[in-house]
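In what follows, a single structure is set out as structure tokens and then discussed.
The values are calculated or read from the model by the stated rules, or taken from the named source; none is laboratory data. Everything quoted here is computed from the prediction, not taken from an experiment. Virtual Cβ from ideal backbone geometry, glycine too; neighbours counted across all protein chains shown.
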């Protein structure tokens, strides 16, 4: 019988320490600068590529960890350095997940390397689902893909919004509707490589947090791609649509399958932010003296730090459980993936808010990093499924009812 353990193995410990060192020595020193600039931190991504973190082999190896923990560990440590830079470095992995979930082995071999490039010739990728009128409601996508049998090509028209690396990416994976009558079950994913006519960047958003990560609209206007760029292929799509039209159960649609795989990793990022704020507040509370003693000696401050630490550790356990379940193909019968993202995201907001309170006026000014961590934390209750949507998913899972 295998002994139960929560201890990381040697490979995972080495990975954690290596990524933490990069986050501490390369990311943190420039985090404030790139937050202020609100630009993609190309020099940091280049450094990550040089050391082998922004690299196909690295992503493949970490995702291949049979325990599912390696990528969660990586995201926590990198977000401890800076969440915006973490997303700038790893934003391409969402497109990779989309290709892995829906693509054929041949498509995976062709397109995934193009999501990264090489040191000196970096490439970025983007995954486009959200639209102006379809955020939490993924079934309402209006972006259309129409097939032309004569030329074996698809033409896409529509607009995507809130897209990480949107318009800036060298390769986009776009989820579009091929049969509007089928809702979310009538969607498919398409690869749009660099140089394709008809795809462009719309508005670039100026955000409250994660400002080193590029977020923008993507406009598709008569954007034509070959039939080979349909992930999974036409034959598989036709068979799936036929099953749906006959009233048979179809596999989970592409966008939701990608998000289910990524939710624990989003939770891991939130934990990194929360941990950074907790550690900073703890050290401050030990050093800051008021009325002749360190403020941590006051029960109000000490208990606040206790709650911060407890919620962080509980969040990590939920994330690790969900990551392990995903890697070992255990079904999320109670919405465990959503639980991890929900709890970790709300923990990050709470912990960073408490850190500001502990620092007082110093926590409110940009000279200290806790205000940035608080701004960064809020998105983790919004993107890739709001807290309300996560609760809806969990409620449906535990009740077996279609709760609205």
Can you pull out every residue in the stretch 101-118 that is in contact (Cβ under 8 Å) with a residue 24 or more places away in the chain and part of a helix (DSSP H, G or I)? 101, 102, 107, 111, 112, 113, 114, 115
Look through the stretch 104-129, keep the residues that are farther than 23 Å from residue 49 by Cβ and crowded, with 23+ Cβ neighbours inside 10 Å, and return whichever of them is modelled with the highest pLDDT. 128
Just to be sure, is residue 360 in a helix (DSSP H, G or I) and without any contact (Cβ under 8 Å) to a residue 12 or more places away in the chain? yes
Among the helices (runs of 4 or more DSSP H) contained in the stretch 225-337, which hold 1 or more residues that are within 21 Å of the chain's Cα centre (by Cα), within 25 Å of residue 395 (Cβ to Cβ) and modelled with pLDDT under 95? 254-287, 299-327
Tally the residues that are in contact with a helix residue (DSSP H, G or I) (Cβ under 7 Å, 6 or more places away or on another chain) and in contact (Cβ under 8 Å) with a residue 24 or more places away in the chain, restricting the search to the stretch 289-309. 6
Only one of 360, 385 is more than 26 Å from the chain's Cα centre (by Cα) and either on the phi > 0 side of the Ramachandran plot or crowded, with 18+ Cβ neighbours inside 10 Å (or both), namely 360
Which is free of Cβ contacts under 8 Å to residues at least 60 places away in the same chain and more than 17 Å from residue 45 (Cα to Cα), of 67, 62? 62
Looking only at the stretch 11-67, which residues are touching a strand residue (DSSP E or B) at 6+ places or on another chain (Cβ under 9 Å) and buried (at least 18 other Cβ atoms within 10 Å of the Cβ)? 45, 49, 54
